[in-house]
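Each remark here refers to the structure printed beneath this line.
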Amino acid sequence: MMNLSRAVVRSFTTTAGRRSTAVPKEQIEKGYFEIRKVQDHFQKKDGKPVFLKGSAVDNVLYRLTVALALVGIGGMGKLFWELSVPKKE
């Protein structure tokens with residue numbers, strides 16, 4: 001039992017670097033430049049907020065969210081009005 005627990009602890013405490021293979025330098029550089037390109041796209045000073053810089057889908061989702069929020073606020077206003085002003089019979 002003692003040897004099993006040491007083996008388990010050893011497997012969780014060893015670093016992955018010893019068991020993994022090295023990544024070629026070309027792949028690392030390619031990945032770096034791809035990430036850098038995406039960062040440059042999102043950090044451009046074009047006046048847009050970052051959540052709208054992705055694509056046209058981001059713009060559609062943003063407008064849909066705003067529209068649904070306004071519909072909900074309007075519905076709450078209607079509910080408060082109906083509850084606060086009694087109907088005349």
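The values are calculated or read from the model by the stated rules, or taken from the named source; none is laboratory data. It should be emphasised that the depicted structure is a prediction, and the values quoted were computed from it without experimental measurement. SASA here: full protein model, heavy atoms, side chains in, ligands and nucleic acids out. Shrake-Rupley method; radii C 1.70, N 1.55, O 1.52, S 1.80 Å.
Given a 1.4 Å probe and every protein chain left where it sits, what share in percent of the accessible area of the stretch 42-86 is carbon and sulfur?
Within the stretch 42-86, the accessible surface is 72 percent carbon and sulfur.
On full extension of the chain, what length is gained from residue 76 through residue 23, given 0.36 nm per residue of separation minus the C-alpha to C-alpha distance?
That pair, residue 76 and residue 23, stretches by 13.4 nm at full extension.
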